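Everything below concerns the one structure shown next.
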Amino acid sequence: MRDQESCSPTLVSRRLFQQPVRDLGAFKKDWQPVNAYDPDRAADALGAAIKSWLPNGFSDDATPLPESPRFEHLMCGLTALADWIGSDAHRFKPVGHLDHDYWTTATNAAAAAVAAIGLDSSKQRAARPANKPATFRKVSTFDTPNPQQRLISETDPKAQLVILEAETGSGK
């Protein structure tokens, strides 16, 4: 039971999102410089770079992240998806040094990866005239959408993330 409690999504999210990035605590005792590489200096430099890339994440007046199972599941799913996309060594080349412009490089690679696997629908949306929406028949082999598909059709096209959950075989 103790292992299950220590891995609960609530505790994991609290550890991830409420602990300061610089709080490395017990890990630092094992960090020893090797040749010219000093892990403390490298961690400080990486921390500073992350703060410059994502300043809103370190703002004192930032809105706290929600503490709900729905949010935790969302974060788990997004993390798994990002890990899967980011594990493509052809798109995301390893970098042997701290590159302060890496955020731009990674953002461009992520956009290309998302487009390549079909998650970016902006080109399809741009190609469709705004005054002439596609009919369901044009995008499928059916005359009418099922309830889940109808819900998606009512979603704001500018939504950055939409999650649809339904039973297997329901025609998502």
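Rule-based calculations on the coordinates, nothing more; no lab input. Note that the structure is a prediction, hence the values are computed from the model and not measured. All Cβ positions, even for glycine, are placed from backbone atoms using ideal geometry, and neighbour counts span all protein chains on display.
Computed from the Cβ-Cβ distance with R0 of 22 Å, the FRET efficiency linking Ile152 to Asp83 stands at 0.30.
The fewest-to-most ranking of Val114, Val95 by surrounding Cβ atoms within 10 Å reads Val95, Val114.
Would you mind calculating the gained length between Ile50 and Asp38 on full extension (0.36 nm times residue separation, minus the Cα-Cα distance), in nm to one decimal?
Numbers: separation 12, 0.36 × 12 = 4.32 nm, distance 1.83 nm.
Here the answer is 2.5 nm.
Pull out a ≥ b ≥ c, the square roots of the eigenvalues of the alpha-carbon gyration tensor of region 77-120, then state rounded if a/c is under 1.5, prolate if not and a/b is larger than b/c, and oblate in the remaining case. Prolate, since a/c reaches 1.5 and a/b exceeds b/c.
Please report how many Lys pairs in region 40-172 have alpha carbons closer than 19 angstrom, counting only residues at least 8 apart along the chain or sitting on separate chains.
Numbers: Lys123/Lys132; Lys123/Lys138; Lys123/Lys158; Lys132/Lys158; Lys138/Lys172.
Final tally of qualifying lysine pairs is 5.
Rg and Dmax, both from the Cα atoms of region 93-172 and both in Å, are 17.7, 55.
In sequence order, region 157-168 has phi-based couplings of x, 8, 4, 7, 8, 10, 10, 10, 10, 7, 4, 4 Hz under the Karplus curve 6.51 cos²θ - 1.76 cosθ + 1.60, θ = phi - 60°, and Gly or Pro positions carry x.
With r as the distance between the Cβ atoms of Asp60 and Leu161 and R0 = 25 Å, compute the FRET efficiency 1/(1 + (r/R0)^6) and round to 0.05. The partial results should precede the final answer.
Values: r = 26 Å, r/R0 = 1.05.
FRET efficiency, Leu161 to Asp60: 0.45.
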